[in-house]
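Asker: Would you mind keeping the following structure in view while I ask a few things?
The values are calculated or read from the model by the stated rules, or taken from the named source; none is laboratory data. Everything numeric here is computed off the predicted structure, so don't read it as measured data. Counting neighbours? That spans all protein chains shown, and the Cβs are built from the backbone with ideal geometry, glycine included.
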């Protein structure tokens with residue numbers, strides 16, 4: 001795995017030492033899937049880091065231009081495979097904009113409920129994986145997966161699949177909630193704070209966790225804004241920007257919740273922000289489950305097959321668990337999009353990995369990568 | 001930095017370990033090959049073809065309209081029409097598939113074929129132990145493997161299947177009534193005189 005190579009420019013930067021070049025990945029356990037980091041080390045210090053991706057490239061955007069509008073929906077599940085429902089929502093929102101459809105109120109509430117449940121899944125998985133990267137092998141991750149399992153059961157009884165849900169449709173949702181679903185969801189939401197309390201007791205005060213994360217991988221607010229970072233990473237650097245508050249898409253305008261923000265932008269803030277966001281998500285879930293109205297779940301104008309939006313373009317964006325998830329679709333009036341483009345939050349958040357890792361140790365690079373929260377299905381598409 | 005946080009964390013793991021023996025919330029797994037959880041009603045894996053009655057060849061609901069073949073995102077369905085028409089449950093003459101293959105290694109279980117099917121002919125199965133050592137024939141399923149009786153569909157998706165059966169029963173009685181009326185002679189409502197038609201429009 002390790003190769004000795006002379007890297008004249010980087011060596012000069014390191015004061016003439018010979019550098020050790022380490023290729024971490026693409027099958028390294030700390031790299032979250034098939035991701036590779038070319039790291040040049042001076043002793044233990046990172047002097048250069050080059051992220052290499054594309055190992056999981058599946059031609060998603062080209063397939064989307066070949067498929068019908070509906071046919072792309074199940075493929076969006078496979079972008080960020082941990083949060084398939086928010087991907088569905090982003091794509092449905094864009095095509096609704098393009099075709100002039102509007103989801104009924106009940107469908108909007110169901111979408112908010114599912115999106116917030118997805119956020120719980122994503123953030124608890126992230127916290128588990130981050131701790132796994134720090135060497136807490138198994139325990140935190142398994143606790144997080146145990147809670148995720150309960151939410152996946154909810155998804156399965158509603159959509160038929162645990163991960164590849166394929167649930168949202170242009171102008172609403174595919175099917176209505178089965179009987180007893182709301183009660184089961186309320187039970188899960190009511191039990192979740194106990195898990196968060198335990199998880200925090202387990203980790204937040206832990207001296208080793210704090211020593212490994214505090215002051216590590218600091219991302220300044222200015223750099224974060226300039227690099228186009230979105231989502232929890234941006235808010236951990238102290239920038240108040242949440243598309244749920246900015247755009248108020250869906251029924252988020254009616255929900256009462258706060259946007260947690262960090263101060264220093266280090267790895268500990270990025271971990272903490274996720275825990276605090278989960279608590280806010282639980283608040284949103286309680287309100288949405290309480291206010292869920294009756295009525296239809298699909299726009300009567302919506303067509304399942306042969307959707308041919310008028311020629312034009314639309315950009316739809318949502319606050320995905322990882323950041324701003326945008327879809328850009330151009331229609332030429334045909335049955336499939338002329339151009340179909342995705343703004344993946346994982347990829348764009350990954351671009352500043354080098355800036356955060358430089359000057360730190362190789363062990364810190366692993367922790368910083370864990371706190372960025374990437375899923376390679378979305379990075380490579 | 002005095003280790004209190006670590007000790008607190010260890011108490012938490014001890015509580016989870018002890019809790020997993022009596023609290024169902026803390027132990028959510030089952031030992032898979034020995035135990036399996038019953039699938040939920042909405043669960044879906046790969047499609048199957050529904051047939052009515054006891055004979056798969058005669059009662060297949062599929063009319064080889066190829067809508068699912070066109071809509072399938074990964075293009076895993078392959079249909080060849082049988083040009084000899086057969087009457088369906090309403091007595092209408094319909095085509096039937098001569099070949100209906102699904103490559104289950106390509107199918108991604110999205111369920112779009114089920115949504116677009118206007119004949120309620122293709123539905124989602126819940127089998128999941130599909131591994132085989134024959135990677136060509138074993139993964140390309142034809143009518144023989146895909147056709148399952150309506151009773152099986154009733155067993156998997158009870159709510160949906162009952163709705164469909166009720167609707168089909170209603171359609172059938174309607175079409176029988178229409179056929180009986182037709183057989184009895186030209187019905188007055190079917191061919192109204194021009195004057196009556198005008199009156200209705202006004």
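Asker: Name the residue that is farthest from residue A:200 (Cα to Cα), counting only residues in segment B:20-35 that are surrounded by fewer than 14 Cβ atoms within 10 Å (Cβ to Cβ) and within 14 Å of chain A (Cβ to nearest Cβ). Before you say what the answer is, go through the steps one by one.
Answerer: Keep residues of segment B:20-35 that are surrounded by fewer than 14 Cβ atoms within 10 Å (Cβ to Cβ), which gives B:21-24, B:27, B:29-35.
With within 14 Å of chain A (Cβ to nearest Cβ) added as a condition, the list becomes B:23-24, B:27, B:29-30, B:32.
Working: B:23: 20, B:24: 21, B:27: 20, B:29: 23, B:30: 27, B:32: 31 Å.
Looking at the filtered set, the residue picked out is B:32.
Residue-wise test of (1) surrounded by 18 or more Cβ atoms within 10 Å (Cβ to Cβ); (2) assigned by TED's automatic domain parsing to the domain that holds residue A:199; (3) at pLDDT 90 or above.
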position	(1), (2), (3)
A:245	no, yes, no
A:249	yes, yes, no
A:253	no, yes, no
A:256	no, yes, no
A:264	no, yes, no
A:273	yes, yes, yes
A:276	yes, yes, yes
A:283	no, yes, yes
A:288	yes, yes, yes
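Asker: Quick one: residue A:182 ticks every box in (1) in contact with a helix residue (DSSP H, G or I) (Cβ under 8 Å, 6 or more places away or on another chain); (2) within 30 Å of residue B:2 (Cα to Cα); (3) modelled with pLDDT of 85 or more bar one, so which box is it?
Answerer: It is condition (2) that residue A:182 fails.
Asker: Which count do you get for residues in segment A:328-363 that are within 17 Å of residue A:50 (Cβ to Cβ), touching a helix residue (DSSP H, G or I) at 6+ places or on another chain (Cβ under 9 Å) and part of a helix (DSSP H, G or I)?
Answerer: Final tally of qualifying residues: 7.
Yes/no per residue for (1) touching a strand residue (DSSP E or B) at 6+ places or on another chain (Cβ under 8 Å); (2) assigned to a loop (DSSP other than H, G, I, E, B); (3) at pLDDT 70 or above:
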{"position": "A:5", "(1), (2), (3)": "yes, yes, no"}
{"position": "A:11", "(1), (2), (3)": "no, no, no"}
{"position": "A:17", "(1), (2), (3)": "yes, yes, no"}
{"position": "A:26", "(1), (2), (3)": "yes, yes, yes"}
{"position": "A:32", "(1), (2), (3)": "no, yes, yes"}
{"position": "A:40", "(1), (2), (3)": "yes, no, yes"}
{"position": "A:46", "(1), (2), (3)": "yes, no, yes"}
{"position": "A:49", "(1), (2), (3)": "yes, no, yes"}
{"position": "A:57", "(1), (2), (3)": "no, yes, yes"}
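Asker: Given B:77, B:122, which one is crowded, with 20+ Cβ neighbours inside 10 Å, in contact with a strand residue (DSSP E or B) (Cβ under 9 Å, 6 or more places away or on another chain) and farther than 20 Å from residue B:171 by Cα?
Answerer: Values: B:122 fails: farther than 20 Å from residue B:171 by Cα.
Just a single option satisfies the conditions, and that option is B:77.
Asker: Also: How about segment A:201-220: which of its residues are more than 9 Å from chain B (Cβ to nearest Cβ) and either surrounded by fewer than 17 Cβ atoms within 10 Å (Cβ to Cβ) or in a loop (DSSP other than H, G, I, E, B) (or both)? Talk me through it step by step, then tell me what you get.
Answerer: Pass one, segment A:201-220, residues more than 9 Å from chain B (Cβ to nearest Cβ): A:212-220.
Once the filter is applied, which keeps residues that are more than 9 Å from chain B (Cβ to nearest Cβ) and either surrounded by fewer than 17 Cβ atoms within 10 Å (Cβ to Cβ) or in a loop (DSSP other than H, G, I, E, B) (or both), segment A:201-220 yields A:214, A:215, A:216, A:217, A:218, A:219, A:220.
Asker: Still on this structure: With the checklist (1) more than 22 Å from residue A:61 (Cα to Cα); (2) buried (at least 21 other Cβ atoms within 10 Å of the Cβ) in hand, flag the one item residue A:378 doesn't pass.
Answerer: Failing condition for residue A:378: (1).
Asker: Pull up segment B:101-135, narrow it to residues that are part of a strand (DSSP E or B) and over 12 Å from the mean Cα position of the chain (by Cα), then point me to the one that is farthest from the other protein chains (Cβ to nearest Cβ).
Answerer: Just the residues of segment B:101-135 that are part of a strand (DSSP E or B), to begin with: B:101-103, B:122-124.
From what's left, over 12 Å from the mean Cα position of the chain (by Cα): B:101-103.
Details: B:101: 20, B:102: 16, B:103: 16 Å.
Of everything passing the filter in segment B:101-135, B:101 is farthest from the other protein chains (Cβ to nearest Cβ).
Asker: Residue A:174 - would you say it is more than 17 Å from residue A:371 (Cα to Cα) and either out of contact with any strand residue (DSSP E or B) (no Cβ under 6 Å at 6 or more places or on another chain) or away from every other protein chain (no Cβ under 11 Å) (or both)?
Answerer: yes
Asker: Go through segment A:84-139 and report how many residues are outside any helix (DSSP H, G or I) and over 27 Å from residue A:364 (Cβ atoms).
Answerer: Here is the first cut: in segment A:84-139, the ones outside any helix (DSSP H, G or I) are A:100-104, A:135-138.
Going one step further and asking which of them are over 27 Å from residue A:364 (Cβ atoms), we end up with A:100-104.
Selection size over segment A:84-139: 5.
Asker: Do we have residue B:88 as modelled with pLDDT of 85 or more and more than 14 Å from chain A (Cβ to nearest Cβ) here? Show your work before the answer.
Answerer: Working: modelled with pLDDT of 85 or more: no; more than 14 Å from chain A (Cβ to nearest Cβ): yes.
Here the answer is no, as residue B:88 does not meet what is asked.
Asker: Which one is nearest to residue B:156 (Cα to Cα) among residues in segment B:36-71 that are facing chain A (nearest Cβ under 8 Å) and outside any helix (DSSP H, G or I)? Walk me through it before giving the result.
Answerer: To start, the set of residues in segment B:36-71 that are facing chain A (nearest Cβ under 8 Å) comprises B:40-44, B:67, B:71.
Next cut, outside any helix (DSSP H, G or I) only: B:40-44.
Values: B:40: 9, B:41: 6, B:42: 8, B:43: 9, B:44: 10 Å.
So, considering only residues that are facing chain A (nearest Cβ under 8 Å) and outside any helix (DSSP H, G or I), the one nearest to residue B:156 (Cα to Cα) is B:41.
Asker: In segment A:237-256, how many are within 17 Å of residue A:349 (Cα to Cα) and not in a loop (DSSP other than H, G, I, E, B)?
Answerer: Number satisfying all stated conditions: 1.
Asker: Among A:293, A:345, which is the only one that is buried (at least 24 other Cβ atoms within 10 Å of the Cβ) and either within 19 Å of the chain's Cα centre (by Cα) or in the same structural domain as residue A:106 (by TED's automatic domain parsing) (or both)? Break it down into steps so the answer makes sense when it comes.
Answerer: On the way: A:293 fails: buried (at least 24 other Cβ atoms within 10 Å of the Cβ).
Matching residue, one of A:293, A:345: A:345.
Asker: Go over the candidates A:41, A:85, A:70, A:79 one by one and state the one that is more than 17 Å from the chain's Cα centre (by Cα), buried (at least 18 other Cβ atoms within 10 Å of the Cβ) and either in the same structural domain as residue A:164 (by TED's automatic domain parsing) or under 26 Å from residue A:156 (Cα atoms) (or both). Quick ask: steps written out before the conclusion?
Answerer: Numbers: A:41 fails: either in the same structural domain as residue A:164 (by TED's automatic domain parsing) or under 26 Å from residue A:156 (Cα atoms) (or both); A:85 fails: more than 17 Å from the chain's Cα centre (by Cα); A:79 fails: more than 17 Å from the chain's Cα centre (by Cα).
That would be A:70, the only listed residue that is more than 17 Å from the chain's Cα centre (by Cα), buried (at least 18 other Cβ atoms within 10 Å of the Cβ) and either in the same structural domain as residue A:164 (by TED's automatic domain parsing) or under 26 Å from residue A:156 (Cα atoms) (or both).
Asker: Can you pull out every residue in segment B:80-114 that is loosely packed, with under 14 Cβ neighbours inside 10 Å, in contact with a strand residue (DSSP E or B) (Cβ under 6 Å, 6 or more places away or on another chain) and on the phi > 0 side of the Ramachandran plot?
Answerer: If the condition is that a residue be loosely packed, with under 14 Cβ neighbours inside 10 Å, in contact with a strand residue (DSSP E or B) (Cβ under 6 Å, 6 or more places away or on another chain) and on the phi > 0 side of the Ramachandran plot, then no residue fits.
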